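The values are calculated or read from the model by the stated rules, or taken from the named source; none is laboratory data. On a predicted model such as this, the values are computed, not experimentally measured, just so you know. Glycine also receives a Cβ, built like all others from the backbone with ideal geometry; neighbour counts cover every protein chain displayed. We work out accessible area using only protein heavy atoms, side chains counted, and drop any ligands, DNA or RNA first. Shrake-Rupley method; radii C 1.70, N 1.55, O 1.52, S 1.80 Å.
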Amino acid sequence: MSTPEPTTPEPTTHDPEQPRYEPPPSVGKLALWVLLFVVAAVVVVLGGVYFT
């Protein structure tokens, strides 16, 4: 009677020990976020100037 060979686990697409990363945003989406923050900053500054 022989000992059974150790079985190796099947490779999986997700290893819980390895971090998962999202793909980087496209240039257009990144520019849209930058524009949104710039507009918000301008609105805050102009609101502060207007109400003082």
Next on the checklist: Just the residues that are in a loop (DSSP other than H, G, I, E, B) and either of a type in the set (A, V, I, L, M, F, W, C) or touching a Ser or Thr at 6+ places or on another chain (Cβ under 7 Å) (or both), please, taken from the stretch 13-52.
Outcome noted: PHE51
Checklist outcome for this item: When restricted to GLU17, GLU22, GLU10, the only residue open to solvent by 100 Å² or more (accessible area, probe 1.4 Å) and modelled with pLDDT under 75 is GLU10
